[in-house]
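The values are calculated or read from the model by the stated rules, or taken from the named source; none is laboratory data. All figures in this text were calculated on a predicted structure; none of them were measured in a lab. Cβ coordinates were reconstructed from backbone atoms using ideal geometry, including for glycine residues, and neighbour counts include every protein chain displayed. Each accessible area value is taken on the protein alone, full model and side chains, heavy atoms only, with ligands, DNA and RNA left out. Shrake-Rupley method; radii C 1.70, N 1.55, O 1.52, S 1.80 Å.
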Amino acid sequence: MEKKNLEYLARLRKAMTEHGIDTCIISGTDPHQSELPPAHWRGREWLTGFWSENGTNGTAVVTADKALCWTDSRFFIQATDQLQGTGFSMMKEDGPDAVNLIDWVTENTNAGQTVGIDGMTFSVSYAQRLQQELNDNNIKLNTDFPLFDYIYPDRPARPLNKLFIHDEAIVGETVDSKMKRLMAEVKGELANAILLSSLDDIAWATNLRAAGDIAYSPMFLAYLYIDDDKRVLFIDEEKIGKEVKAHLDKYNFEIHPYDKVIDFVAQLPKTTRLLLDPEKTARGVYDHVGCTPVFGGSGVAKLKSIKNQTMLANLAIAMEKDGVALTKFFMWVEKEYPTGTLTEVSAGKKLRDFRLADKSCVDESFAPILGWNAHGAIVHYEATAETDVTIEGNGLLLVDSGGQYTFGTTDITRTVALGTPTPEMIHDFTLVMKGHIALAKVKYPEGTRGAQLDVLARQYLWDEGKAYYHGTGHGVGFFINCHEGPQSIRLNENPTPLQPGMVTSNEPGLYLEGKYGIRCENLVATVPWKETEFGKFLEFRTMTLFPFDLTLFDTSIMNDDEIAWLNSYHEEVRNRLTPLLSPEEAAWLAEKTKPLSR
């Protein structure tokens, strides 16, 4: 595809000159701080050419003579390749050579000059950090520079997909119950009203979903205001059909146009103490708040992150359905591989077909990552017509995928050998799995944070001077989004403790550029273990149901407990999935889950 990004960059610099902007910072998100925004707000990808179907984490900076794009270690290889010839250069936001974006902007913008941002696509907290640094250096900040209105004439429109109701029998809780608990959190933070901007929070609170607004996540574009007397949903009315209108009427929601949220918050009574999450609320909204803002909202995210017993029981059903689809898929891979016709793209399409054959699967939970050998070392690799390769010869196939089932969201990564793996591959895979098992088995006291457990997954790699730089675990939503806070398991400190009902990934990995990648991922639920004189203890219950490749384990570096854990897990996989499979599929699964021994 011909690069037009130099033309786009010239348009931006012209607009900057016309509006008195010396340095422009371009976000990669939308007014709701979405991880994967609708096409309408994916302007940074359009501008830079650093793009993927799954979205890319990146923030761009443009001055009169420089154009840079910051991203994290998951995208270093991809960004380096895609930014060639666009006028942009990659900057690392993590790892040993990381450069802080705000520091760079401050050092490369002169006193008296102006930095411009579109305040609707930056959170309050980010904009405040930026403004503090700029103020300290006598640099102005313009938060009302909607650059893509000026330079992107064929910008896609906002999506208008219809909403549907997420069955409360599956959710296990009514909207009224959620509103009551939500307002208790609001008052606990000394506020009397709340504006929800985050789309996953709004979908959770309303028990509503939509297909198509946000790729791979059944959320919808809206804002939600709540106080003791009023519930207001700001949404394009074209999105609401009769059934959803009846649902909203039942729970006493007013419906206001999506674009009227700024007018609404500007006119709130002065006595209103409006709770805003500064990480999720756009600076462009906050700038118009006419009442007393109260920063907080972590309690709301925690409500959403803790799944009730009905949800966990239904998630177990989703895992069984996913395990069946994966069994069919990997059987198909093994049959196609010897023919020499199997490619990354064709495999991805087939995997989607197997998942969506189940009527309860609305979509994939992200575009599948299928990387053969060297492509597996690109953490967020996306196979396209340009990058597609035939899966042939010997090596490792990394498959990271998931489904959006009405019963819950799945996310799983398996690394499998095709042909004959090298001793190095087997050794590295076993190191990754030793870390995976250590985390899966851990018992921990109530109040433990993910950062306190993260080293368990990395220790065996570190012992050999090897490492990965992405997080070990992220929260997962319930038929909402694949990546959910507030909990995580990663090196960075996160004050949120792991609590019963939270669902988190367990996904250590290892990536050797130009050779192969390994990642082994299950989803785990935090559940009570036991109470002793030292307090309450918790553990992880593994939810995902699919075997790991037995041919990639080096039992000589495994201890008996690790082997026992793997055999126990495989026994559960076999027992849960076999009744749902054909005889041929059941026989294949029995072979893949036979006991591992020295």
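What the table shows:
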{"read-out": "Accessible-area composition of the chain, carbon plus sulfur, in percent [1.4 Å probe]", "value": "51 percent"}
{"read-out": "Karplus (6.51, -1.76, 1.60) ³J(HN,Hα), θ = phi - 60°, over the range 112-117, in Hz, Gly and Pro reported as x", "value": "x, 7, 10, 9, x, 9"}
{"read-out": "Neighbourhood net charge (15 Å Cβ-Cβ; Lys/Arg +1, Asp/Glu -1) for N252", "value": "0"}
{"read-out": "Restraint check, K178/K250; K441/K515; K250/K359; K178/K359; K92/K515; K328/K443, Cα-Cα greater than 26 Å", "value": "K441/K515; K250/K359; K178/K359; K328/K443"}
{"read-out": "Principal-axis tilt of helix 124-136 within the chain, Cα atoms, nearest 10 degrees", "value": "60 degrees"}
{"read-out": "Angle in degrees between helix 344-356 and the longest Cα principal axis of the chain, rounded to the nearest 10", "value": "90 degrees"}
{"read-out": "In Å², nearest 10: area of T121 left accessible to a 1.4 Å probe", "value": "20 Å²"}
{"read-out": "The chain, helix-only ellipticity at 222 nm - DSSP H runs n ≥ 4, -39,500 (n - 2.57), divided by all residues, nearest 500", "value": "-10500 deg cm²/dmol"}
{"read-out": "Nearest 10 degrees, 0 to 90: helix 175-188 Cα axis against the chain principal axis", "value": "60 degrees"}
{"read-out": "Column: log10 I(q)/I(0), Debye, Cα scatterers of the range 211-251, q = 0.23, 0.29 Å⁻¹", "value": "-0.92, -1.13"}
{"read-out": "Relative contact order [Cα under 8 Å, 6+ residues apart], the chain, whole percent", "value": "11 percent"}
{"read-out": "Rounded to the nearest 10 Å², the accessible area of E531 at probe 1.4 Å", "value": "130 Å²"}
{"read-out": "Per residue accessible area of the range 520-597, 1.4 Å probe, in Å²", "value": "48 Å²"}
{"read-out": "Enclosed volume per residue, in Å³, of the convex hull spanned by Cα atoms of the range 99-183", "value": "198 Å³"}
{"read-out": "Calculated mean projected area of the Cα convex hull in nm² (choose from [x] 37.4; [y] 27.9; [z] 42.6), label", "value": "[y]"}
{"read-out": "Per residue accessible area in Å² of the range 336-387, where ligands, DNA and RNA are left out and the probe is 1.4 Å", "value": "41 Å²"}
{"read-out": "Prolate/oblate/rounded call for the range 338-471, Cα gyration tensor, a/c under 1.5 rounded", "value": "oblate"}
{"read-out": "Loop trypsin sites (Lys or Arg not before Pro), the range 140-241 (other Cβ atoms within 10 Å of the site Cβ: 16 or fewer; DSSP)", "value": "K162, K230"}
{"read-out": "Shape of the range 1-109, Cα gyration tensor, a/c cut at 1.5", "value": "rounded"}
{"read-out": "Heavy-atom accessible area order for F534, F220, F366, largest first, 1.4 Å probe", "value": "F534, F366, F220"}
